[in-house]
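Reading through the structure tokens given below for one structure.
Here, each number is a calculation from the coordinates, and none is a lab measurement. Not measured: the values here are computed from a predicted model. Counting neighbours? That spans all protein chains shown, and the Cβs are built from the backbone with ideal geometry, glycine included.
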Amino acid sequence: MATQCTTHKMTTFQRHAGRLFAGLLLCCASAGLGAQELAVTDPAAAPLGDLVRKFTDAQVQRDAAALRALTSEQYIEVSPVGELDPREKMLGFYIKDASRAAPALAIDEWVFRPTGDSAVVIAKLNFTMTAGGQARSFAMRSSFVARKEGGQWKMLSSQHTPIRPPTPKP
């Protein structure tokens, strides 16, 4: 006989987030146990690198239409400030604003871990922008989870963690 918790009903979003988290755990566990890490130059890594580049370019250019095309309907993201953003919230953030210059983006320190129709990609995103005549650079370590949908790689999830600049020694 199934019991139901009367003190807390899960929302649809919470159920999907729980399933995504379980899927991420399974994907990460299988990545650690049997997945092969690919070199950036490996041809099998190319479509994943292309997906991440297109996705991050669309973010920098604030191109919500491209982001919609590149992401799964089940996409969810952990933002650099730790917020959990489902796809529609993420898309709402990327509205073109001609008054804001797009930062320059360079991607390096790639790690590719495909496992069949899913993959984990980790990379360092290096941003440079000018504000008030001052150049500013910052970096984030980002994790991307992709899966094949209809034969095409789609972004399923991402998490972005700011990298603190080194503190000057006294």
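For the reader, a short list of remarks on this structure follows.
- Charge dipole magnitude, Cβ of K and R +1, D and E -1 - the range 116-170, Cα centre, debye nearest 20: 220
- On the beta carbon distance between Ala101 and Val40, with R0 = 41 Å, the FRET formula returns roughly 0.90.
- Here the extension length gained between Thr161 and Ile122 equals 12.9 nm, from 0.36 nm per residue of separation less the Cα-Cα distance.
- Förster radius 22 Å - calculated FRET efficiency between Arg53 and Asp85, Cβ distance, rounded to 0.05: 0.55
- Descending semi-axes in whole angstrom, ellipsoid equivalent of the range 57-156, from the Cα gyration tensor: 25, 17, 12
- A straight chain from Ala69 to Ala135 at 0.36 nm per residue would run longer than the Cα-Cα distance by 20.5 nm.
- Which listed pairs, of Lys54/Lys96; Lys89/Lys148; Lys89/Lys154; Lys54/Lys154; Lys54/Lys148, have C-alpha distances above 21 Å, in listed order: Lys89/Lys148
- From phi via Karplus (6.51, -1.76, 1.60), per-residue ³J(HN,Hα) for the range 43-56 in Hz, x at Gly/Pro: x, 5, 7, 4, x, 6, x, 4, 4, 4, 4, 5, 5, 5
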